[in-house]
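Just below is one structure, and these are the notes that go with it.
The values are calculated or read from the model by the stated rules, or taken from the named source; none is laboratory data. The shown structure was predicted, so the numbers you read here are calculated from the model rather than taken from an experiment. Note that each Cβ is placed from the backbone with ideal geometry, even for glycine, and that neighbours are counted across all protein chains shown. The area values use the complete protein model at the heavy-atom level, side chains included, leaving out ligands, DNA and RNA. Shrake-Rupley method; radii C 1.70, N 1.55, O 1.52, S 1.80 Å.
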Amino acid sequence: MSSSKDKPPYTKYAFMNAYNLSLLGGVLTVATATQNWWLAGVGACLEGLWMLFAPDSTVLQKTWFDKYHQSELQAARAADIEAKLKALSQQEAARCNALQSTRDQILNLARDNPALTQDLLGRELAKLDELVTSFVDLEYTCLRYSIYLSSVDTQQIERDAARYEQFIQSGAEEGRAVAQKNLAVLKMRRDKYAEIARDMRLAHGQLNLIENTFRLLADQIVTMRSPAELGGQLDDLIDGVESIRQTARETEHFMATVER
């Protein structure tokens, strides 16, 4: 599913590119050097026409802007993955690199299987790249969860909850309503931290599943007769990752709210 941030900024690409800026700058330079300001006027008119029609041109979008946008997205994604890998421990990063090696092994074995033509196999093999990237994302998510949970003093929460419970039972009447509200908030925090810990366990389980499935595919790919055999297993992994991502987005929102 594409988001609004994935929509190509065609107006930006039409203006902010080397060809347009060079031509525009060149016209202005010549006009200034020769004092022929009509050149600047002509250049401004041509630039206006370009900016009026170029961003909406389907030909330019397909042949230029969309390809440039994809390259920008890929570069940004690669930089994001590289940053996450650097944040991981040496052991976690090695685990990600090992999965990449298994992915390369699957690709090589797939090429040697005459039953799997590259035309039919291409879409399925692209899912391997998606899962390798998702693997790094999940490792980083687990790291974030671990750091966050280690910063929470759950024992203090339990002590505070016990104190409010005791006050509700034996404290002054006028303070019980506020004490009950505080107790409710503490219980919600406690439940949320337990939920984050559970989500982290699920993420670790999904990481193990991705690793084991890749190893299984490396064993099976030599004897596969159809790309559908490969795609079915990969689709199940992708669905599992997406389910965890949905939960992770909610958890990230909670963590950001608490940290503010």
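Here is how the numbers come out for the structure above:
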read-out	value
Residue, farthest from Leu109 (Cα to Cα), within the stretch 191-219, restricted to residues that are open to solvent by 40 Å² or more (accessible area, probe 1.4 Å) and among the polar types (S, T, N, Q)	Asn208
Residue in the stretch 149-165 that is in contact (Cβ under 8 Å) with a residue 40 or more places away in the chain and either part of a helix (DSSP H, G or I) or among the basic types (Lys, Arg) (or both) present	yes
Every pair of residues 6+ apart whose Cβ atoms lie under 9 Å, when the first sits in the stretch 169-186 and is open to solvent by 70 Å² or more (accessible area, probe 1.4 Å) while the second is of a type in the set (Ser, Thr, Tyr)	Gln180/Tyr164
Out of Thr11, Thr102, sole residue that is in contact (Cβ under 8 Å) with a residue 12 or more places away in the chain, polar (S, T, N, Q), in contact with a Phe, Trp or Tyr (Cβ under 6 Å, 6 or more places away or on another chain) and at negative phi	Thr102
Members of the stretch 105-141 found to be open to solvent by 60 Å² or more (accessible area, probe 1.4 Å), charged (D, E, K, R) and either under 27 Å from the mean Cα position of the chain (by Cα) or modelled with pLDDT of 75 or more (or both), listed by number	Arg111, Asp112, Arg123, Asp129, Glu130
Test for Glu195: is it out of contact with any Lys or Arg (no Cβ under 8 Å at 6 or more places or on another chain), among the acidic types (Asp, Glu) and under 24 Å from Gly240 (Cβ atoms)	yes
Sole exception among (1) closer than 23 Å to Ile106 by Cα; (2) open to solvent by less than 90 Å² (accessible area, probe 1.4 Å) for Asp236, by number	(2)
Those residues of the stretch 133-160 which are in contact with a helix residue (DSSP H, G or I) (Cβ under 9 Å, 6 or more places away or on another chain) and of a type in the set (A, V, I, L, M), in sequence order	Val136, Leu138, Leu143, Leu149, Val152, Ile157
Residue among Val241, Val222 that is loosely packed, with under 14 Cβ neighbours inside 10 Å, in a helix (DSSP H, G or I) and either in contact with a helix residue (DSSP H, G or I) (Cβ under 9 Å, 6 or more places away or on another chain) or not basic (Lys, Arg) (or both)	Val222
